[in-house]
Structure formats: C-alpha cells, structure tokens
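Working notes, beginning with the structure itself.
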Amino acid sequence: MAQTNARNHISTNYFSRTLSWIRLQLRQQAFFANMEYEFVRSWAKFVCRAAADNITSIWDLLPRYPSLVQPPPHIRRFLEYLVVTMQQLMGPLPVTDWSLERKPESYLPWLHLILLDFEAVQDMPEAPRLFSMLPQSSNQNQFITIISKSLQK
C-alpha cells in the first residue's frame, strides 16, 4: 500500500513541481522577470516539454507555442543550457506518465534537487511552496492506547 501511495504521489506531482522549478529559474532572468505570468508559464511548459521529451533541437518546438516569440540570443543560450542541464538531472528520459509509474524512485533525486532549490529561496516574495518528497503516511498506528477499563464504563 505504501509503495503504491509513493508511486502515485511521485507520478502525480512530478510535472507540476518541475514546472514550478522552471518558473523559478526563468524569473531570475531579467527577460522574464517583468513578463506576464501566462507568458512565463508558456515558456516553462516549452522548456519542460523539450527536457522531458529529450529533444535536442528545442527551437523546433517553438511553432507549437504560438504565444511565444523568438527570444534574444542570450536568452536562447540560457534556455538551451537549462534544457540540457535538466536532461542530465531529471531521471530516465523521456519522462512520461508510464515511466514515472514504472520506476518512480528514479525521479526522486530530481525532486530532491527541486526541493533544495525551493528551500533556498524561501525568503523571497512569491517563493514556491515547499512539498514533501513522499506522501504523508496515514496508515500508521496513531499510538492510541485503549484501556479495557475505560470501555467498561
């Protein structure tokens, strides 16, 4: 039961936490700092798709995101570096729902890195919320002692 809960927890939350981490990385660049949230969100989805699908030429994906325009050269380099770095750290690629459910433990180091980055920026306004790596177990005994004398009263 606990293994199933952990598997579901990881596969359910992997992409949302990855997208939050990417938005954190993007917001640290001046190009994205004052951009509307929806555009930053689209850029995050773009980067996540490129990294998770193990795409080598990320700019081939750009036409699938009509709200995004070609960024300046220094931002292009930053995004390419971000994707390559993520591909090295995310776990087995491509990352799919099937791969997350099959070997969720392979993706724990990536989620741990995300959590460490989130913890490091907690003093910032709009810092991402912290999360637990695994589900909180609700199956454990709650250490309630039942005394037979109290039941007889």
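The values are calculated or read from the model by the stated rules, or taken from the named source; none is laboratory data. Just so you know, these numbers come straight off a predicted model, no measurement behind them. Here Cβ is always computed from backbone atoms with ideal geometry, including for glycine, and neighbour counts include all displayed protein chains. Accessible surface is based on the protein model in full, side chains and every heavy atom, while ligands, DNA and RNA are left aside. Shrake-Rupley method; radii C 1.70, N 1.55, O 1.52, S 1.80 Å.
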Requested in this report: Name the one entry in 79, 89, 100 that is without any contact (Cβ under 8 Å) to a residue 60 or more places away in the chain, out of contact with any strand residue (DSSP E or B) (no Cβ under 6 Å at 6 or more places or on another chain) and open to solvent by less than 40 Å² (accessible area, probe 1.4 Å).
Outcome: 79
Report task. State which residue pairs qualify: first residue under 14 Å from residue 127 (Cα atoms) and inside region 20-42, second residue assigned to a helix (DSSP H, G or I) and of a type in the set (Val, Ile, Thr) in any location, beta carbons under 8 Å apart, and separation of 6 or more residues or different chains. Result -> 20/114; 21/114; 22/47; 23/40; 26/40; 26/47; 27/40
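Residue-by-condition table, conditions (1) out of contact with any Lys or Arg (no Cβ under 8 Å at 6 or more places or on another chain); (2) assigned to a loop (DSSP other than H, G, I, E, B); (3) open to solvent by less than 90 Å² (accessible area, probe 1.4 Å):
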{"position": "18", "(1), (2), (3)": "yes, no, yes"}
{"position": "26", "(1), (2), (3)": "yes, no, yes"}
{"position": "56", "(1), (2), (3)": "yes, yes, no"}
{"position": "59", "(1), (2), (3)": "no, no, yes"}
{"position": "66", "(1), (2), (3)": "yes, yes, no"}
Requested in this report: Go through 95, 40 for me and flag whichever is in a loop (DSSP other than H, G, I, E, B), of a type in the set (Val, Ile, Thr) and on the phi < 0 side of the Ramachandran plot.
Outcome: 95
Report task. State which residue pairs qualify: first residue open to solvent by 100 Å² or more (accessible area, probe 1.4 Å) and inside region 126-142, second residue modelled with pLDDT of 90 or more and among the small types (Gly, Ala, Ser) in any location, beta carbons under 9 Å apart, and separation of 6 or more residues or different chains. Result -> 129/20
